[in-house]
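Structure first, then comments.
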Amino acid sequence: MRLPVADFSKMDASIRTLASIYEHRKVSPRGQAELLWYQYYTQHMQKIREAWERGEFILSMFDACPAEIPYAMDLPWYGTVVYGPGAVAVGAKIEEATLDSARQVGLMLETCSGWRMTVGMMMRGWYPRPGAVVSGNPTCDTCAKCWPLMAYLANVPSFFIDVPFPAGNERNISYVATELAELIEWLENVSGKKMDWDRLRETVELGRQMVELNREIQEILKARPSPIVPRMTTQSYWFNWIYSGTPEGVHFLTALRDEVKEKAVRGASGLPPVKGEAPVKERFRVISIPPVPQIRGKTLDWLWREYGVSIVVSTFMLWPDVEMDPDKPLESIARKYLNNPLIRQYFNPCESPYGTVTATVQAARDYEANGVMIWGNPSCDATSGFVKIMRDRLAETGVPSVVFDHDPADPTYTSEDALKERMEEFVDLLESREWEG
Amino acid sequence: MSSTLDTLNEFREVNAAFPYAEPVREWKKQGGKVIGWLCSYVPEEMLHAAGVLPVRVTGGYGELALEEATAYLGVMLCSFARSCLQLAIDQKYEFLDALVGVATCEGSRHLAEVWEHYIKTPLLDILPLPHKMHQRAEEFFAEELRRFKLRLEEFLQVEITDSALWGSVALYNKHREISRQLYELRKADYPPLSGTEVLEVMNASVMMPKEQANAMLERLLTEAKASGRAVKGSVRLMLSGSILNNPQFVAAIEDLGGIVVVDELCTGLRYWCDMVETDGHPDPVVALARRYMTKFPCARMNPFSERLNRLLPLISEYRVEGVITRAIRYCKPYIQEQHMLKTELENRGVPVLDLDVEYGMPGTGQVRTRVQAFIEMLLERRKAS
């Protein structure tokens, strides 16, 4: 199979859309964090565009892999998810064509559409052909298989960061640290660039600051009403991936921290009122797991305005304390990687102390949540395997939950009307519980 | 075909009472403990050395209604995992004293977790398993096995000595050697056993004490060699892919004129094909870790080339004319490696038929039609060459 080398039509369209949203937000600001998010998201793509023009070696990497390494090696890289399926959220209209391409290599509904789109993007040439592909197995089997498939299709070398289950114990951290050392050696060989170890140590320090900021934010989010815009519970999560261990990451999270803090102090809700209307009220506080799909940001605004349902936190925002030592950069990066809430929660037994069920039940208590919203993508094995246990455990603690049958990247899977109807049913349930006292 | 082999019938009798087979029943009657294992990456030798009967947990030999299991695991989690759970929900695995899982894939891992939560059989462990096949992975797995050994000892209140472990290794190696000899027979122009029969034998041999399985296998070998049986098939096929237990699926292929002369299945060749090295290893746990981390890999391991490089020689050794790859719904690792495997085989001139089926599904309907067309194509190809 011969793939196109690069077709920038979709990337350029995404850049234009993001830039125009950025300009619009500058005029009608909803906060500095959101502005920075659009600015840096655009920059992530622009840098790739420019590197391609200069003929540089480009790395394609599963976004959840440690970005500190390409940053410290000054390697241009793109996150295959934020730049691929993430582009759906900015209207790049890639879904039909990419899903069709993925079908040609046998990937059907069983494979999560986000991952099918990444494969389809590679097949269409909508990702510039990388010099190499880096991936790993957290958090699911599909992660472990689709990136090597992309490398195979693009006929480029790939490196697989092996993470033994479960994430987070010291022995696994040490194992992964050695994997990272091998990754660096491999990248030096395939790219011709050298690791700047001083810079790597800097990324560790910046990563440490990012973890601290995330932890401050998660504390502030316990305020009533919720001081965060619902979609930011997802956007901040993506940002933690692609700008991990960078000044941009610290800049963005500092702005977000300041913003939610200021609102919390004022007692203002995260979602600003529509011009000329009264401030939105918070009647019900809901936790989202996994983060609200990026394509559903507006729906969540509607839910809050219409029914007073706020998204107080996504469990993927809940960072533990992570010991980071710049003098032990690989061990520190491995530790942060395996303690990323997504990996920590999904790559541990779900009812273990780190597992997703335990984390969600605890979060429901900590955030005084009235309910939990589970985005049940049927083709996501990582989620579908624990949904029943989670719902039962939450019910035992008196917290109702709802499962939305949806697809995180394909907006055609569930209609907006159907989703809203399901949300309204959930609101009815929350209301009935409120009346019951 | 020709005469039925007596020992083959004995294997069939074992399968007839699946999953609580007669040898398991007998073992329990004698007061023995039975531990179920979920994946061929569980080192059975360790369970055997602990004095228990290891029994493979599968979803059986037919297609089940999976409504209840699907409510627990989700509709797109692999149908093998859901079938196992369904049997557990239906109390078919109540005879197990414990279960051992492996974090091989999402299906295996989540099955173990849901089992632990809703089924009363205790879950002993979900063994971590690296994805790469290098020295560090072996060392990592050896540590995990040491931890597992302690857990097993604590659970059973026994000591697993090195000498017991080496004894179990020898027993299981013997099983591997006899199985290899059985497969060797399939290299003949007209093998004495069909692919269907071999799967029946393999199914039964994980539901009885290995000592008994080995004795029966040896008898079967002798009988098969002496019988003069010759199973004729028009084309020689390899069956590759996700876990398969249903002999009816293979029978459907063979009824259409093909003969399955070799497989790349964890219930077949991948189960037995690598020995535990006994020379130069002072520590049996290290030897076990090495075997399990270097054995013929399943699709969940990386890189894909490790699997491909083990599969390719089988094509020439068994004179395979076509490969049927079978991914069960929704076994992600096999589905997602399918394109690469098909491309690599076809680039080498090996025709491939890829099927996606439910676990337990017999070879009926559309599957039958596609297999028939594939066999016709292979026959045409042979004529043309």
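The values are calculated or read from the model by the stated rules, or taken from the named source; none is laboratory data. Computed from a prediction, not measured in an experiment: that's the story for all the values here. Heads up, the Cβs are rebuilt from the backbone with ideal geometry, glycines too, and the neighbour counts pull from every protein chain shown. The accessibility values were calculated without ligands, DNA or RNA, using every heavy atom of the protein model including side chains. Shrake-Rupley method; radii C 1.70, N 1.55, O 1.52, S 1.80 Å.
Remarks
- Pairs from the table (B:Lys28/B:Lys120; B:Lys225/B:Lys342; A:Lys328/B:Lys149; B:Lys33/B:Lys92) lying more than 25 angstrom apart at Cα are B:Lys225/B:Lys342; A:Lys328/B:Lys149.
- For the stretch B:204-236 versus the stretch B:312-343, the gap between their alpha-carbon centres in whole angstrom: 25
- Sulfur and carbon atoms: percent of accessible area, the stretch B:223-313 [1.4 Å]: 51
- Cα gyration tensor shape of chain B, rounded if a/c is under 1.5, else prolate or oblate by comparing a/b with b/c: rounded
- Most fluctuating residue given options B:Gly32, B:Gly258, B:Gly233, as computed from a GNM of chain B linking Cα atoms under 10 Å: B:Gly32
- Across peptide A:100-110, the mean count of Cβ atoms from other chains lying within 10 Å of each residue's own Cβ comes to 4.
- Per-residue HN-Hα couplings for the stretch A:75-83 [Karplus 6.51, -1.76, 1.60; θ = phi - 60°; Hz; x = Gly/Pro]: 9, x, 9, 10, x, 5, 7, 5, 8
- Global dimensions of the protein assembly as shown from alpha-carbon coordinates: Rg and Dmax equal 27.7, 94 Å.
- Taken over the stretch B:167-215, the alpha-carbon convex hull comes to 63 cubic angstrom per residue.
- Computed Rg/Rh of the stretch A:199-436, alpha carbon atoms with Kirkwood Rh: 0.97
- Lys, Arg +1 and Asp, Glu -1 on Cβ, resulting dipole of chain B about Cα centre, debye, nearest 20: 740
- When only alpha carbons of the stretch B:82-221 are considered, Rg and Dmax amount to 18.0, 52 Å.
- Qualifying aspartates and glutamates (Cα of each under 16 Å from Cα of A:Lys263; at least 8 residues distant if same chain): A:Glu34, A:Glu216, A:Glu219, A:Glu282
- Subset of A:Lys298/B:Lys332; B:Lys174/B:Lys295; A:Lys388/B:Lys132; A:Lys336/A:Lys388 violating a 23 Å alpha-carbon distance limit: A:Lys298/B:Lys332; A:Lys388/B:Lys132; A:Lys336/A:Lys388
- Relative contact order of chain B, defined on C-alpha pairs under 8 angstrom at six or more residues apart (%): 20
- Relative contact order, percent, chain A [alpha-carbon distance under 8 Å, six or more residues apart]: 16
- Reach of A:Lys10 by Cα under 21 Å, taken over lysines that are not fewer than 8 positions away in the same chain: A:Lys47, A:Lys93
- Sequence-distant contacts, meaning Cα pairs under 8 Å at least 6 residues apart, place the relative contact order of the stretch A:9-194 at 18 percent.
- Equivalent ellipsoid, the stretch A:9-194 (semi-axes from 5 times Cα gyration tensor eigenvalues, Å): 27, 21, 17
- Dipole magnitude of the protein assembly as shown about its Cα centre (Cβ charges: Lys, Arg +1; Asp, Glu -1), debye to nearest 20: 1140
- Rg followed by Dmax, in Å, when chain A is reduced to its Cα trace: 20.8, 67
- Using a 1.4 Å probe over protein heavy atoms, the accessible area lost on pairing A with B, summed over both chains, comes to approximately 3800 Å².
- For the protein assembly as shown, the per residue solvent-accessible surface stands at 35 Å², with DNA, RNA and ligands left out and a 1.4 Å probe.
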